[in-house]
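K.L.:
I have a structure here, written as structure tokens, and I will follow up with some questions on it.
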Amino acid sequence: MARICITDAIPEASAEKLRATNHEVSIWDGAEPPTRSELLELVAGADAVLTVLSDGVDEEFLDAAGPQLRIVANVAVGYNNIDLAACRARGVVVTNTPGVLFDATADIAFGLLLAVTRRLGEGERLIRSGRPWRYRTTFMLGRSIEGKTIGLIGAGQIGTAMARRCRAFGMAIAYAEEHPMREPAASELAATGMPLDELVAGCDVISLHCPLTAETHHILNAERMAAMRPGSYVINTARGACIDEQALAEALASGHLGGAGLDVYEDEPRVNPALLELENVVLLPHLGSANIETRTAMCDLAAENALAVLAGRPAPSAV
Ligand code: GLV
Ligand code: GLV
């Protein structure tokens, strides 16, 4: 019998599957996420931990868990919260949840794209404000996405799923060749690869779908934003720190960029106050994979990873 520790509430169906094993399962049940010290206490003595993206898995975490720890199963496709080298040095397997959340995340990215180009957030706020409005020929006009080009920074499963949605709405697809799209998707979508600097300068929308790494930190920086087409849009469902958020706020406030749709923030859950001031920004609270089916599939996959490693089998989705 091993001890499996889960640092956040998970869908009941996933919890049941773990409880049906002969392992001891402890699930964080606080109304708020654990504080750092509560987290370190919770994982003490665990053989397997299911973590979420706000849990920093570093030397301190691994020390707190103890030398018996065998796997950290992140309930997320991104794993920038985990010190991989530290885990590797201790023989701790790290897994993520690829292949189950790309459609859900692309739905949110595409939803943000429509919301920002067609001013859905702004319109909703206007109605709820009680301020008067009338249908007028030139009232609250947005921009069409049909015939425009979307530029993907990151064209893995999520970026490709976003491209499929954009293609269905009549957009042309381009991607940064530093983070290329696979075949046959690239051919099916008539997607054009180009160097990142050319991409940012030549598209109507830039959408981020890359993991956060040292290379992609602020990959969309002030200089690249300045090179973007006037009136173009930014969509981010990847990680906040892939964009220089302060520079983004300035490029939006100055009117250089047409708008932004954001699901992630540099210092989550804090949102840069400058962004809150802007009408042409749609802000979501990290909902990319947040539907019941997807979260259940993510938790089930994380649980399968934990159970496999505890049974001495290879993890289905080791990073
Ligand atoms: C969510 O942001 C994830 O990485 O799964
Ligand atoms: C998602 O699963 C991706 O890697 O894009």
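K.L.:
Could you tell me what percent of the accessible area of the stretch 132-203 is made up of carbon and sulfur, with a 1.4 Å probe and every protein chain present?
P.N.:
In the stretch 132-203, the share of accessible area belonging to carbon and sulfur is 53 percent.
K.L.:
Give me the percent of the accessible area of the stretch 1-68 that comes from carbon and sulfur atoms, probe 1.4 Å, all protein chains in place.
P.N.:
Within the stretch 1-68, the accessible surface is 53 percent carbon and sulfur.
K.L.:
How large is the Kirkwood hydrodynamic radius of the stretch 121-211, in angstrom, based on all distinct alpha carbon pairs?
P.N.:
By the Kirkwood definition, the hydrodynamic radius is 14.6 Å.
K.L.:
Under a 5 Å amide H to amide H cut-off, with H placed in plane at 1.01 Å, what residues pair with residue 193 once short-range neighbours are removed?
P.N.:
Under 5 Å from the amide H of residue 193 lie the amide H atoms of 175, each far enough along the sequence or on another chain.
K.L.:
Put one equal scatterer on each alpha carbon of the stretch 60-123, apply the Debye formula with no solvent term, and list log10 I(q)/I(0) at q = 0.13, 0.18, 0.27 1/Å to two decimals.
P.N.:
Log-scaled intensity ratios, in q order: -0.54, -0.71, -1.10.
K.L.:
Size of the dipole of the chain about the Cα centre, Lys and Arg at +1 and Asp and Glu at -1 on the beta carbon, nothing else charged, in debye to 20?
P.N.:
Dipole magnitude for the chain comes out near 1160 debye.
K.L.:
Follow-up question, since we're still on this one. Would you please put 82-95, 130-143 in order of how densely packed they are, using the mean number of other Cβ atoms within 10 angstrom per residue and starting with the highest?
P.N.:
Highest mean packing first, the order is 82-95, 130-143.
K.L.:
Against the empirical 2.2 N^0.38 Å scaling, what ratio does the C-alpha Rg of the stretch 237-319 come to?
P.N.:
1.54
K.L.:
Given the stretch 169-319 reduced to its alpha-carbon atoms as identical point scatterers, what log10 I(q)/I(0) does the Debye formula return at q = 0.09, 0.15 Å⁻¹?
P.N.:
Result of the Debye calculation: -0.36, -0.89.
K.L.:
Using heavy-atom solvent-accessible surface (probe 1.4 Å) with all chains present, what is the largest-first order of 245, 59, 188?
P.N.:
So, going from the largest accessible area down, we get 188, 59, 245.
K.L.:
Cα centroids of the stretch 99-147 and the stretch 283-319: how far apart, whole angstrom?
P.N.:
Using only Cα atoms to place each centre, the spacing works out to 31 Å.
K.L.:
Continuing with this model, one more query. Could you tell me what fraction of 2.2 N^0.38 Å the Cα radius of gyration of the stretch 53-171 comes to, as a two-decimal ratio?
P.N.:
Dividing the Cα radius of gyration by 2.2 N^0.38 Å gives 1.60.
K.L.:
Ordered by packing density, taken as the mean number of other Cβ atoms within 10 Å over each peptide's residues, highest first, how do 48-57, 247-256 rank?
P.N.:
Listed from highest to lowest mean packing, they are 48-57, 247-256.
K.L.:
Right, next: Give the Rg/Rh ratio for the stretch 1-42, taking Rg as the radius of gyration of the Cα atoms and Rh as the Kirkwood radius, to two decimals.
P.N.:
0.99
K.L.:
Ok, one more. What does the stretch 1-117 give for Rg and for Dmax, in Å, if only its C-alpha atoms count?
P.N.:
Cα only, the stretch 1-117: 15.7, 54 Å (Rg, Dmax).
K.L.:
Per residue, how much accessible area does the chain show when a 1.4 Å probe rolls over the protein heavy atoms, in square angstrom?
P.N.:
It amounts to 47 Å² per residue over the chain.
K.L.:
Here's another thing I want to ask about it. Between residue 85 and residue 177, what is 0.36 nm times their sequence separation minus the Cα-Cα distance? Round to one decimal in nm.
P.N.:
30.4 nm
K.L.:
³J(HN,Hα) across the stretch 181-187 via Karplus (A = 6.51, B = -1.76, C = 1.60, θ = phi - 60°), whole Hz, x for Gly/Pro?
P.N.:
Ordered by residue, 3J(HN,Hα) equals 8, 7, 8, x, 4, 4, 5 Hz.
K.L.:
Taking amide hydrogens as modeled 1.01 Å from N in the peptide plane, which residues meet the under 5 Å criterion relative to residue 82, leaving out close sequence neighbours?
P.N.:
So residue 82 has HN proximity to 57.
K.L.:
Can you tell me the equivalent ellipsoid semi-axes for the chain? Use √(5λ) from the Cα gyration tensor, largest first, whole Å.
P.N.:
Ellipsoid half-lengths, sorted descending, are 38, 21, 18 Å.
K.L.:
Using packing as a proxy for protection, rank 191-202, 168-179 so that the peptide with the highest average count of other Cβ atoms within 10 Å comes first.
P.N.:
168-179, 191-202
K.L.:
I've got another one for you. Would you grab the residues whose amide H sits under 5 Å from the one on residue 259? Only those 5+ places off in sequence or on another chain, please, with H modelled 1.01 Å from N.
P.N.:
For residue 259, whose amide H was placed from the backbone, the distant partners under 5 Å are 234.
The values are calculated or read from the model by the stated rules, or taken from the named source; none is laboratory data. This one's a predicted model, so the numbers in the text were calculated from it and none came from an experiment. Please note: Cβ atoms are built from the backbone with ideal geometry, for glycine as well, and neighbour counts cover all protein chains shown. Quick note on the areas: whole protein, heavy atoms, side chains included, nothing else; ligands and nucleic acids left out. Shrake-Rupley method; radii C 1.70, N 1.55, O 1.52, S 1.80 Å.
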